[in-house]
Amino acid sequence: MKIIFYTKNSTNNFPKCEFMKDKKRSKKKSKNFMPDPNRNPYRVRNSPQSPMHTENLEELLKNAVELENLGDFEKAIMTFIHITDKDPTKSEAWYYRGKAHCALAEFENALKCFGKAQQLGFRAMQLMMYGVTAKSNLMNFKRPNLSQSHLAKVEVECPDYFPSEESWLLTGAAYQMLMQYEEAYKSYQNSLVKNPNFEPAKKNLEFIAFLSQK
């Protein structure tokens with residue numbers, strides 16, 4: 001292949017390049033060559049990474065609530081923030097984000113989220129319950145008592161007839177969002193009895209242990 005370059009000094013105003021190809025090779029290639037669209041990294045696809053992709057906020061909200069129920073509160077909060085950045089009127093996202101802040105003992109942030117949800121018309125009965133408890137903890141927070149003698153008196157119940165590590169994790173996350181940290185701690189302990197290597201329960205146990213030292 002021979003390439004000839006033309007500069008601005010030529011008769012045209014803009015630089016050009018002309019490709020001189022061998023006719024036989026060009027014909028042979030055009031006959032057998034099949035373009036592979038996957039080779040083009042700039043091809044726009046209908047995927048979440050594509051700038052043309054439209055996010056489904058309802059699906060994101062559903063996934064964030066699931067993360068919250070599984071005790072992954074930090075990741076859930078990041079997702080709720082993303083949702084409200086896209087649609088600030090999403091009252092459910094504000095409410096559920098407030099619950100996640102309660103689980104992490106971030107009571108001021110929780111109250112702000114609950115207030116925003118209420119302002120946007122969210123009318124669930126639980127909103128008032130969470131708000132009152134968060135306000136009480138903000139004003140007079142009592143560190144969880146994790147002594148063995150105290151935990152022995154703490155009663156927790158799992159809704160499953162044959163509880164597994166996952167069901168105890170769900171129970172612990174529910175208690176933690178209700179700001180009942182001692183019950184949550186004991187539930188996570190029960191989860192680890194079922195599976196000592198269950199990382200989500202370990203992570204939340206460590207957080208509540210840290211909270212008890214604040």
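The values are calculated or read from the model by the stated rules, or taken from the named source; none is laboratory data. Computed from a predicted model, the values in this text were never measured in an experiment. Please note: Cβ atoms are built from the backbone with ideal geometry, for glycine as well, and neighbour counts cover all protein chains shown.
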Practice prompt. Could you tell me whether Glu206 is under 23 Å from the mean Cα position of the chain (by Cα), in the same structural domain as Leu61 (by TED's automatic domain parsing) and surrounded by fewer than 19 Cβ atoms within 10 Å (Cβ to Cβ)?
Written response: no
Sole miss for Cys158 among (1) in a helix (DSSP H, G or I); (2) out of contact with any Gly (no Cβ under 8 Å at 6 or more places or on another chain); (3) within 23 Å of Lys203 (Cα to Cα) is condition (1)
*Please verify whether region 41-60 includes one or more residues that are among the aliphatic types (A, V, I, L, M), at pLDDT 95 or above and closer than 30 Å to Glu182 by Cα.*
no
Within region 132-150, residues surrounded by 13 or more Cβ atoms within 10 Å (Cβ to Cβ), touching a residue at least 24 places away in the same chain (Cβ under 8 Å) and either touching a strand residue (DSSP E or B) at 6+ places or on another chain (Cβ under 7 Å) or part of a helix (DSSP H, G or I) (or both) come out as Thr133, Ala134, Lys135, Asn137, Leu138
Every listed condition ((1) under 27 Å from Phe107 (Cβ atoms); (2) touching a Ser or Thr at 6+ places or on another chain (Cβ under 7 Å)) holds for Gln180 save (2)
Answer yes or no: is there a residue in region 165-188 that is without any contact (Cβ under 8 Å) to a residue 24 or more places away in the chain, loosely packed, with under 13 Cβ neighbours inside 10 Å and outside any loop (DSSP other than H, G, I, E, B).
no
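Yes/no per residue for (1) part of a helix (DSSP H, G or I); (2) touching a residue at least 12 places away in the same chain (Cβ under 8 Å); (3) surrounded by fewer than 23 Cβ atoms within 10 Å (Cβ to Cβ); (4) in the same structural domain as Tyr175 (by TED's automatic domain parsing):
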position: Val65; (1), (2), (3), (4): yes, yes, yes, no
position: Lys75; (1), (2), (3), (4): yes, no, yes, no
position: Trp94; (1), (2), (3), (4): yes, yes, no, no
position: His101; (1), (2), (3), (4): yes, yes, no, no
position: Leu127; (1), (2), (3), (4): yes, yes, yes, no
Reported set for region 77-92 where residues are within 22 Å of Lys202 (Cα to Cα) and either in contact with a strand residue (DSSP E or B) (Cβ under 6 Å, 6 or more places away or on another chain) or surrounded by fewer than 23 Cβ atoms within 10 Å (Cβ to Cβ) (or both) is Met78
Of the listed residues (Glu155, Glu106), the one being modelled with pLDDT under 95 and not basic (Lys, Arg) is Glu155
Residue hits (region 189-200; crowded, with 21+ Cβ neighbours inside 10 Å and either touching a residue at least 40 places away in the same chain (Cβ under 8 Å) or closer than 22 Å to Tyr130 by Cβ (or both)) are none
